[in-house]
Amino acid sequence: HAEEEIHRLAFFDPLTELPNRRLLHDRVRQALASCERRSMHAAILFLDLDNFKGLNDTMGHDVGDLLLTEVAQRLTACVRTEDTVARLGGDEFVVMLENLSAEPGEAARQAEAVSEKIRLALSQPYRLQEREHFSSTSIGICLFCSGGENVDDLFKHADVALYKAKAAGRNASRFFDPEMQAALYARAALENELRQAIAAQQFLLHFQLQVDSAQKILGAEVLLRWQHPTRGLISPAE
């Protein structure tokens, strides 16, 4: 029992019973080796609860601990069993996602989907000592696939991304890679404009004739095209 307790104190956070910084670093090192062998991506999500200090100052550290415990449970419910949820200390948590797509863009979309799921889960109201409390979180995301990275660099990159999320007004997520972030922004903007395009009737029908070997018209293929008001005709590939 003494050995088990020593192990628990060495590798797990006593409040939330999540892996601590020491165990997390070990698992990230294992993930780096696994990514290199399998050519799969993984991601580190750095989470920081917005305005947590205000809760501690106004309602006390006991209530703050209740919130942290509930956050740990919600985070664990948002990820798969092979993923890791850890608490670094204070209101800082880390989620490591493994076995993401080998294609960087798809891996980024997978990581973003989990990030959004987490953000929404943590924004749901909390019941703390018969009081309703609302919270939000800022998330920094660092995608990796070995290639010479080390654990310390990955954590620094995720921390930089977290700072960007906070600078954007909190309750947001940001990627460390500016190009990846720009691509996700462009995709989100395109989807949003596409929804508006339906309501604004910006779609056109084009008819492409179908002919046989003798050039006799057999029919027509009906094609849907998007005539954007400022960007012109948008390619179906885009």
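The values are calculated or read from the model by the stated rules, or taken from the named source; none is laboratory data. Since the model is a prediction, treat every value here as computed from it, not as a measurement. Virtual Cβ from ideal backbone geometry, glycine too; neighbours counted across all protein chains shown. Calculation scope for accessible area: heavy atoms of the full protein, side chains included, ligands and nucleic acids excluded. Shrake-Rupley method; radii C 1.70, N 1.55, O 1.52, S 1.80 Å.
Using unit Cβ charges (K, R positive; D, E negative) and no other charged atoms, how large, in debye to the nearest 20, is the dipole of the chain about its Cα centre?
Its charge dipole is roughly 740 debye.
Straight-line reach only, C-alpha to C-alpha below 16 angstrom: list the lysines that Lys156 could link to, leaving out same-chain residues fewer than 8 apart.
Lys164, Lys166
What order, most packed first, do the peptides 185-193, 119-127 have when packing is the mean number of other Cβ atoms within 10 Å of each residue? Mind showing how you got there, number by number?
Numbers: 185-193: 12.0, 119-127: 14.1.
Output ranking for 185-193, 119-127: 119-127, 185-193.
Taking the 0 to 90 degree range and rounding to the nearest ten, how far is the long axis of helix 21-38 tilted relative to the main principal axis of the chain, both from C-alpha atoms?
The helix 21-38 is inclined about 30 degrees to the chain.
Arrange the peptides 130-141, 215-226 so that the one whose residues have, on average, the most other Cβ atoms within 10 Å appears first. Present the calculation step by step, with values, prior to reporting the outcome.
Numbers: 130-141: 17.8, 215-226: 10.3.
Packing order, densest peptide first, comes out as 130-141, 215-226.
Helix-only estimate, please: 222 nm mean residue ellipticity of the chain, summing -39500 (n - 2.57) across DSSP H runs of length 4 or more and dividing by its residues, to the nearest 500. If you can, show how the numbers build up before the last one.
Details: 7 runs with 112 residues, N = 238.
Roughly -15500 deg cm²/dmol at 222 nm, from the helical runs in the chain.
Calculate, for the chain, the solvent-accessible area per residue in square angstrom, rolling a 1.4 angstrom probe over the heavy atoms of the protein chains.
Numbers: 13730 Å² over 238 residues.
About 58 Å² of surface per residue is accessible.
Have a look at Ser235, Tyr163, Met96 and report the one farthest towards the positive end of the charge dipole of the chain, computed about the Cα centre with Cβ charges (Lys/Arg +1, Asp/Glu -1).
Farthest along the dipole direction, towards plus: Ser235.
Against the longest alpha carbon principal axis of the chain, how many degrees, from 0 to 90 and to the nearest 10, is the axis of helix 61-78 turned?
40
Given (i) 205; (ii) 168; (iii) 253, which label gives volume of the Cα convex hull per residue in Å³ as computed from the coordinates?
Identified label for the calculated read-out: (i).
Using alpha carbons only, how many angstrom separate the centre of segment 1-45 from the centre of segment 99-167?
When both Cα centres are located, 17 Å separates them.
When the accessible area of the chain is split by element with a 1.4 Å probe, what percent falls to carbon and sulfur?
Numbers: 7130 of 13730 Å².
Heavy-atom surface of the chain belonging to carbon and sulfur, 1.4 Å probe: 52 percent.
Between Gln202 and Thr81, take the C-beta separation as r, use R0 = 35 Å, and let me know the FRET efficiency to the nearest 0.05. Spell out each step's value before the answer.
Working: r = 45 Å, r/R0 = 1.28.
Approximately 0.20, to the nearest 0.05.
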